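Here is the structure we will look at.
The values are calculated or read from the model by the stated rules, or taken from the named source; none is laboratory data. Note that the coordinates shown come from a computational prediction; the quantities given were computed from them, not determined experimentally. Neighbour counts are summed over all protein chains in view; Cβ atoms, including those assigned to glycine, are modelled from backbone coordinates with ideal geometry. Surface accessibility is based on the protein's heavy atoms, side chains included, excluding ligands, DNA and RNA. Shrake-Rupley method; radii C 1.70, N 1.55, O 1.52, S 1.80 Å.
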Amino acid sequence: NAGVTQTPKFQVLKTGQSMTLQCAQDMNHEYMSWYRQDPGMGLRLIHYSVGAGITDQGEVPNGYNVSRSTTEDFPLRLLSAAPSQTSVYFCASSFGQGASDEQFFGPGTRLTVL
Amino acid sequence: AQTVTQSQPEMSVQEAETVTLSCTYDTSESDYYLFWYKQPPSRQMILVIRQEAYKQQNATENRFSVNFQKAAKSFSLKISDSQLGDAAMYFCAYRWGRGAQKLVFGQGTRLTINP
């Protein structure tokens, strides 16, 4: 299994540009999430999904859209990038919501918005 | 809202010695889980140890153990026999017991191991 994969690893955007961060998992996990990590801070939840076709907002959802058309994929869209969205983005997945259901994290995408 | 606080931005320890990282949290829930994650320079988030709030026994994973004080809302991580490979950012995290997997993270503690 490849686990949780994210593409790209690095990206530089200009203010106002749009892009999609890709996330895929091959573990048949129902739960998937997007977090952002800013310097000096822990990860903060952007959006999450409890299954295909079901998404919900996390702590910092503004400026981001998500969709979940398949179990495997959970892309994160920035419609009009802003410098405040410069961050490292992590995707995570887990099989369920029990105590033993560990969240597996992808390697992260470092995004810079100029 | 639940919050997680790590009051030690940086810690250092001599190789082979023991270090304790602190974490406090605030919640009104009785059913929740607590975690410690390790983030080495590779940025990969690695689960170190987890604790269910309903369990009184402190969790242990090899050289890693926790001191879970539920009444005080404290959850510290003890690393015994520190190794160079333990150098990393360590994040304490909270998750509500019911509902979807939504982690709330502390700000992190950077741990340096001195040879």
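Averaged over the residues of B:103-109, the number of partner chain Cβ atoms lying within 10 Å of the residue Cβ comes to 5.
Computed about the Cα centre, the dipole magnitude for chain A is approximately 540 debye when only Lys and Arg (+1) and Asp and Glu (-1) carry charge, each at its Cβ. Label sites at residue A:28 and residue B:12, each approximated as a point 7 angstrom past Cα along Cα to Cβ, lie 5.0 nm apart. Computed about its Cα centre, the charge dipole of chain B is approximately 340 debye, with only Lys, Arg, Asp and Glu carrying charge at their Cβ. Between the amide H of residue A:42 and those of B:107, distances stay under 5 Å, these residues lying 5 or more places away or on another chain, with hydrogens modeled in the peptide plane. Comparing the full protein assembly with the isolated chain, the residues of the range B:28-49 losing at least 20 square angstrom of accessible surface (1.4 Å probe) are B:33, B:37, B:39, B:43, B:44, B:45, B:47. Would you work out what percent of the accessible area of chain A, with all protein chains in place, is carbon or sulfur (probe 1.4 Å)? After summing per-atom areas, the C and S share lands at 51 percent. Expressed in nm², what is the orientationally averaged projection area of the convex hull enclosing the Cα positions of the range B:36-104? One quarter of the hull surface, i.e. the mean projection, equals 5.3 nm². About its Cα centre, the dipole of the protein assembly as shown is roughly 420 debye, where the only charges are +1 on Lys and Arg Cβ and -1 on Asp and Glu Cβ. Compared with the alpha-carbon gap, the fully stretched path from residue B:5 to residue B:74 is longer by 23.9 nm at 0.36 nm per residue. Within chain B, what whole-number % of the accessible surface is contributed by carbon and sulfur, with the 1.4 Å probe and all protein chains included in the calculation? Summing carbon and sulfur atoms, their accessible area is 45 percent of the total for chain B.
For chain B, the residue among B:66, B:35, B:18 whose Cα projects farthest onto the positive side of the dipole built from Cβ charges is B:35.
Can you give the longest stretch of chain B with no exposed loop site, where a site means GluC sites (Glu not before Pro) in a DSSP loop (not H, G, I, E or B) with at most 13 other C-beta atoms within 10 Å? The answer is B:30-115.
When the other protein chains are added to the chain by itself, burial of at least 30 square angstrom of heavy-atom accessible area (probe 1.4 Å, ligands and nucleic acids ignored) affects these residues of the range A:9-45: A:35, A:37, A:42, A:43, A:45. Checking every one of the chymotrypsin sites (Phe, Trp or Tyr not before Pro) in the range B:14-94 against DSSP loop status and a limit of 13 other Cβ atoms within 10 Å picks out B:54. Accessible surface area normalised per residue over the protein assembly as shown is 47 Å², counting heavy atoms of protein chains with a 1.4 Å rolling probe. Directionally averaged projected area (chain A, Cα convex hull): 6.7 nm². Both chains summed, the buried accessible area for B and A stands near 2000 Å², from protein heavy atoms and a 1.4 Å probe.
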